[in-house]
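Single-structure report; data block below.
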Amino acid sequence: GPFVDLFEKNAASFLKSKFAISCNSGTSALHLAYLSIGLKKNDVIILPGINFIAAANMALSLEAKIYFSDIDAKTGQVNANNIEDCIRKNNLKKIKAIVTMYNGGYPRHIKNFYKLKKKYNCYLIEDACHAFGAKYVYNKKKFLIGSCKHSDISTFSFHPLKTITTGEGGLVTTNKEKISKKIKELRSHGIKKNNNKHWSYDVNIIGYNYRLSDINAALGVSQLKSINKILSKRKKIFLNYFRKLDKYMDVISIVKPEAKTDPSYHLILANINFKKLNIDKNSFLRKLYYKKIISQFHYIPAYDFKIYKKKHKKLPQCEEYKANSLSLPIHLKIDNKKQEFIIKSIKSIIKKNAKKT
């Protein structure tokens, strides 16, 4: 419908990518990205050990050889050194794709990822589901995540919890026309239409019903108009947490953005030194829950799940991140009163459970 076309046009214009193709979820966006580069059985793909499980599942569904890379224990993000370690330890020769993920919506390490892409002559896919609206600096110039200036493909989610929402939905951006055409064909049953006869079409490949509805796209058009206002509000919430909680009693630290970047502030990531407390992470989360504060953890390492457990070893930095990190509530309905209650509650739990020195 017309709103799908308008949403894709507006998204491409905002992100400054040549092509933007909508779909019905962030998961289908990843699947389409993999399919568009021809990821197949036994192709090597490197994924961060910390990410939502969809990125690994879609690669597994194509029978690719998955290798999980360790991450930075503080940010939960993979960096170029982690990927190089993964390549060296597993003696990987031919790599089809490297997938990066900007945990919490904080762009990092993009220059080095781009170097890896060129070094190993592979595809670089940005799982940017947390990072719609985020900006990074490359050679003193600012670029939006999704512009694909330094990657082959970016994927986004418009789940209700993301920066902007279409109810449910996703987006794939690229500057490669061949990839764009393949994705458009794949998202609608593999149908290729005859431009001269609208009633005539052929099916050349197995495709999927991954289209975004016009109703969802209409919501996306509306949300895009408010993107700067949304980003500003999320930054304000982050700054309040950072000013009042970072380094509190030397127990908690809030993950902050790299210099000169503009994150989407999808998550507020906190690291807690539980060695200084008489409670563990589960107890901490439970105490918040009793106060009706829903804190989360993003994410359980992918290799912890039964489907991957037998083939993949634990990674030390992922394990440290799992033990110490949690996400604090952030959404547009949090006003100052609610946030102050959350901050006060966290301080109270830390103070009451601090080990005596």
task: Counting helices only, and only those DSSP H runs with n ≥ 4, report the 222 nm mean residue ellipticity of the chain as the sum of -39,500 (n - 2.57) divided by its residues, in deg cm²/dmol to the nearest 500.
output: -11500 deg cm²/dmol
message: With θ taken as phi - 60° and the coefficients 6.51, -1.76 and 1.60, list the Karplus ³J(HN,Hα) couplings across the stretch 312-323 in order, rounded to whole Hz; mark glycine and proline as x.
response: 10, 7, 5, 10, x, 6, 4, 5, 5, 4, 4, 6
query: Where does the Debye-calculated log10 I(q)/I(0) of the stretch 204-357 sit at q = 0.17, 0.20 Å⁻¹, using only Cα point scatterers of equal weight, no solvent?
result: -1.08, -1.25
- prompt: So what does Asp262 come to for accessible area, using a 1.4 Å probe and Å² rounded to 10?
  reply: 50
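At a 1.4 Å probe radius, carbon and sulfur cover how many percent of the accessible area of the stretch 163-292?
49
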query: Rounded if a/c is under 1.5, else prolate if a/b is larger than b/c, else oblate: which is the stretch 102-187, with a ≥ b ≥ c the root eigenvalues of its Cα gyration tensor?
result: oblate
statement: For the stretch 40-82, Rg(Cα) over 2.2 N^0.38 Å is 1.20
task: Can you send over the solvent-accessible area of Met101, 1.4 Å probe, protein chains only, in Å² to the nearest 10?
output: 10
message: If you count only protein heavy atoms and use a 1.4 Å probe, how large is the accessible surface of Val203, to the nearest 10 Å²?
response: 80
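The values are calculated or read from the model by the stated rules, or taken from the named source; none is laboratory data. Note that this is a predicted model, so its numbers are computed, not measured. Side chains are part of the model used for accessible areas, which takes the heavy atoms of the whole protein and leaves out ligands, DNA and RNA. Shrake-Rupley method; radii C 1.70, N 1.55, O 1.52, S 1.80 Å.
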